1. Quick check: pseudo-label points 7 Å beyond the Cα along Cα→Cβ at B:Glu79 and B:Ala115, how many nm apart are they?
2. Would you kindly work out the equivalent ellipsoid of chain A from its C-alpha gyration tensor and give its semi-axes, the square roots of five times the eigenvalues, largest first in whole Å?
3. Among A:Phe20, B:Phe40, what is the fewest-to-most ranking by other Cβ atoms within 10 Å?
4. A:His112 to A:Glu4: FRET efficiency via 1/(1 + (r/R0)^6), r the Cβ-Cβ distance, R0 30 Å, to the nearest 0.05?
5. At 7 Å along Cα-to-Cβ for each site, give me the label-to-label distance between A:Lys24 and B:Thr22 in nm.
6. How do B:Tyr61, A:Tyr56 line up, fewest other C-beta atoms within 10 Å first?
7. Name the GluC sites (Glu not before Pro) in the range A:47-119 that are in a loop by DSSP and that have at most 10 other C-beta atoms within 10 Å, would you?
8. A:Asp52 to B:Glu60: FRET efficiency via 1/(1 + (r/R0)^6), r the Cβ-Cβ distance, R0 22 Å, to the nearest 0.05?
Amino acid sequence: MKIEAHVEKWRRFDALRARFDPGKEFELWYWTSLSGGTAIINAALHAAGLTDENGYLATQIPEVYVVMDGVDRWRHAIGFRCDLIHVGLPPVEAPLTQALQRAFAAMDVMEHYRDPCIRGDHPITAEVTMACDRAYAEIVAAARAALAERRP
Amino acid sequence: MTPEQHRSKAERITRAMEKLHTADYEMLIEAAMLAGTHWFNLALHRFGLTRPEDDVMHAEYLTGAARLKLFLVAPGVAEALDEIEHSRPHFVRGDVPGGEAAAIRCLEQLRRLHAAAEEARPLRPE
């Protein structure tokens, strides 16, 4: 997608995030954080020139995308340097900028809780919600810094 | 996870979904995927097709053999989760118009997955 479209997705997830209680509604609070964080990281990767703005939309399978093929027709296609579905999926080949390294490190912290707490029944403690909250704030700050360094 | 743990997670997610409206289609689709996957796993465990320690994260990760068995015992269940999953590239990760209608379809599939989980019974006679 385009940078602006990713940023708009982030804004929408960020607004929804505020509706959920991190403890009582952890699953959707967390998922808005994860989805919003991934959206703004994709925007920052495009801005840094490490991945490309294009019409390839990410599926659940790394490097498999859906792409418009004529009017209202979609097909699957292999793609490289396109949007990530998660940090590391697929890996970014080029070296990350410092800001993006910070964003990726913070996303790794958040991803650590995804399967245990969302797919599994790992206890959702105050430590978990605080770690995710801090990680999300860092992702957004770092990705915004990367966007501010946008290459012409 | 055990069937009861899947039920607890699915019900928690479904309760939180009450804060979402059709205009919040991205999270409705994602929440349907999350809750639906728990109902899907509950059904698989109850059928005896998977063990509690072998949860399936996405329908497309099922083997062909497992998918065929599931089709024979509960036609349409894997396809219900597929429809939710296939909405994600266009409307959650992408900005294709029609997200609200897609979210409504995903909620229908979530209800279908919930019903299938409730109705699932062991395939093998005791």
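1. 1.4 nm
2. One finds semi-axes of 26, 18, 14 Å for chain A.
3. Going from sparsest to densest Cβ surroundings: A:Phe20, B:Phe40.
4. 0.50
5. 2.8 nm
6. Details: B:Tyr61 11, A:Tyr56 23.
Ranking B:Tyr61, A:Tyr56 by Cβ neighbours within 10 Å, fewest first, gives B:Tyr61, A:Tyr56.
7. A:Glu93
8. Numbers: r = 25 Å, r/R0 = 1.15.
Step by step, r from the Cβ atoms, then E = 0.30.
Throughout, read-outs are computed from the coordinates displayed, never taken from laboratory work. Here the structure is a predicted model, which means the values were calculated and not measured. Neighbour counts are summed over all protein chains in view; Cβ atoms, including those assigned to glycine, are modelled from backbone coordinates with ideal geometry.
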